[in-house]
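A short write-up of the structure that comes next.
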Amino acid sequence: MTTTKTADVDGTLAQIYALAGAGCDIVRCTCNDEAAATGLAQIVPRSPVPIIADIHFQHKLALAAMEAGVHGLRLNPGNIRKPADIKAVASEAKDRGIPIRIGVNAGSLDPEIAELHGGATPEALVASAQRELAYFAEIGFDDVKISVKASNVALMIDSYRLLSETVDHPLHLGVTEAGPPPAGLIKSTAGIATLLSEGIGDTIRYSLTADPVEEARAGRTLLESLGLRERKGLDLIACPSCGRAEVDVIKVANAAMEALEKRNIPLQVAVMGCVVNGPGEAREADLGIAAGRGKGHLFVKGHVVRVVPEADMVEALVAEAERIMEEGIEAVIASADAGAAAEAEATRVELLATQGADVNRVEEHLERIQEITKN
Ligand code: SF4
């Protein structure tokens with residue numbers, strides 16, 4: 001959702017383009033006054049993605065937004081409550097072929113429904129959506145998507161589960177007012193991922209107190225990591241580092257992430273702290289680098305292709321990523337430097353000999369645990 005004033009056409013369009021670039025497929029803009037509706041009329045024809053108008057309190061603004069050409073509406077049944085107003089909007093949407101999301105929110109639930117159900121319970125949220133559906137049904141309108149958002153993650157999950165058992169409509173998922181990252185990201189992911197893994201949900205939104213581009217990135221990353229969306233961007237994986245690490249993994253991983261993201265390279269790239277375990281553990285990555293004895297060992301699908309000075313690790317990683325994009329993985333493996341794999345193996349053996357196979361002293365700890373528990 002954009003955070004600009006919708007009346008600011010250029011500012012809003014700049015944000016919409018940034019969101020689309022970050023992987024957002026659909027953008028919602030507030031339509032809170034006549035100036036916003038006027039802005040929408042200029043934004044919609046220039047937007048790279050469908051635009052949804054967010055409507056609260058004034059049903060006339062829903063009518064104005066449809067006139068502006070929006071692709072969809074979000075109505076809050078908690079604050080547009082007159083049946084005649086709701087049906088007027090649905091009737092116009094039906095005539096124009098515009099879908100509506102019934103956007104129930106625990107924080108702005110219809111007080112009458114809340115009282116009937118003893119508060120903002122899952123039953124109350126679902127009842128609010130059902131009441132809106134019934135108004136729509138009276139005029140034969142059914143092009144509907146539903147959300148029952150709450151800032152309490154457990155309530156949100158229970159509400160969507162109940163909703164999915166109650167209706168057949170597509171569902172839009174979100175934890176509302178999740179707050180700033182990282183807590184907001186964790187809460188949103190807990191709610192959305194739980195439901196998606198149960199097969200519930202058709203569209204999602206992260207509601208973060210942050211730049212909306214972060215919301216889009218988070219949503220895209222979640223869908224990609226669940227295999228629900230083809231990965232279009234970088235997937236940087238990195239080991240957590242341990243006693244074997246031959247380099248500052250956090251520093252190298254952050255530098256690699258920044259450099260590769262700038263180039264929008266859609267590969268899975270691994271940054272691993274040591275050559276003892278790195279290439280093996282990250283053998284599924286398209287490309288990776290592992291440190292050892294002042295060198296960086298570049299590997300592609302587990303095959304070591306080059307050995308570079310440690311100071312050049314990030315630069316070499318980026319260059320190799322660009323080669324893969326130009327020539328393909330097989331070609332890069334086929335043109336591996338002679339001796340690179342042997343050098344990496346020699347370093348691995350050397351590190352094992354000097355550090356021992358148990359550099360994290362697991363065996364020692366186990367023995368001591370046994371002694372402690374015996375006494
Ligand atoms: S063993 Fe190597 S690759 Fe694995 S966590 Fe430790 S430093 Fe990283």
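Some points to look at:
- Global size of the chain as Cα Rg and Dmax, reported in angstrom: 26.6, 81
- Binned Cα-Cα distance frequencies in the range 9-225 - 10 Å width, integer %: 9, 34, 38, 18, 1
- Alpha-carbon centroids, the range 252-297 and the range 176-230: separation in whole Å: 26
- The Cβ shell under 13 Å around Val126 holds other residues with a net charge of -2, Lys and Arg each +1, Asp and Glu each -1.
- Ranked Ile200, Ile16, criterion: other C-beta atoms within 10 Å, fewest first: Ile200, Ile16
- Extension gain for the segment Met325 to Lys60, taken as residue separation times 0.36 nm less the Cα-Cα distance, is 90.3 nm to one decimal.
- The chain, relative contact order [Cα under 8 Å, separation at least 6], %: 8
- Ranking Gly103, Val213, Pro181 by how far each Cα lies toward the positive end of the dipole of the chain (charges on Cβ) leaves Gly103 at the top.
- Grouping the Cα pair distances of the range 218-375 into 5 Å bins from zero gives a pair-distance distribution of 2, 9, 17, 20, 18, 12, 8, 6, 4, 2, 1, 0, 0 percent in increasing distance order.
- Theoretical FRET efficiency, 1/(1+(r/R0)^6), r = Cβ-Cβ of Glu165 and Ala84, R0 41 Å, to 0.05: 0.85
- Each part gets one Cα centre, and for the range 92-133 versus the range 1-53 those centres are 25 Å apart.
- Spacing of the two label points (7 Å from each Cα toward its C-beta) at Leu352 and Glu67, in nm: 7.6
- Full-stretch length increase - Asn277, Ala190 - with 0.36 nm per residue and alpha-carbon distance subtracted: 28.2 nm
- The count of lysine pairs in the chain that are at least 8 places apart or cross chains, and whose C-alpha atoms lie under 16 Å apart, stands at 7.
- Where a label projected 7 Å from the Cα of Thr3 along Cα→Cβ would reach, residues of the range 181-217 with amide N under 19 Å: 181-189, 205-217
- Full-extension gain in nm, Ile237 to Lys94, via 0.36 nm per residue minus C-alpha separation: 46.8 nm
- Total formal charge among the other residues, if their Cβ is under 10 angstrom from that of Gly288, Lys/Arg +1 and Asp/Glu -1: -2
- For the chain, the dipole from Cβ point charges (+1 on Lys and Arg, -1 on Asp and Glu) about the Cα centre works out to 500 debye, to the nearest 20.
- Helices in the chain, meaning DSSP H runs of at least 4 residues, each add -39500 (n - 2.57). Divided by all residues, the mean residue ellipticity at 222 nm is -15000 deg cm²/dmol.
- Each listed q (0.13, 0.23, 0.24, 0.25 Å⁻¹) maps to a log10 I(q)/I(0) for the range 119-211, found by the Debye formula over equal Cα scatterers with no solvent: -0.43, -1.11, -1.17, -1.23.
- Built amide H within the under 5 Å cut-off of Cys274, gap 5+: Glu246, Ala291
- Net charge of neighbours whose Cβ lies under 13 Å from the Cβ of Ala106, counting Lys and Arg as +1 and Asp and Glu as -1: -3
Every read-out reported here was derived from the displayed coordinates using simple, explicitly stated rules and does not represent laboratory data. None of these values were measured; they are calculated from a predicted model. Don't worry about glycine lacking a Cβ; one is built from the backbone with ideal geometry, like all the others, and counts go over all protein chains shown.
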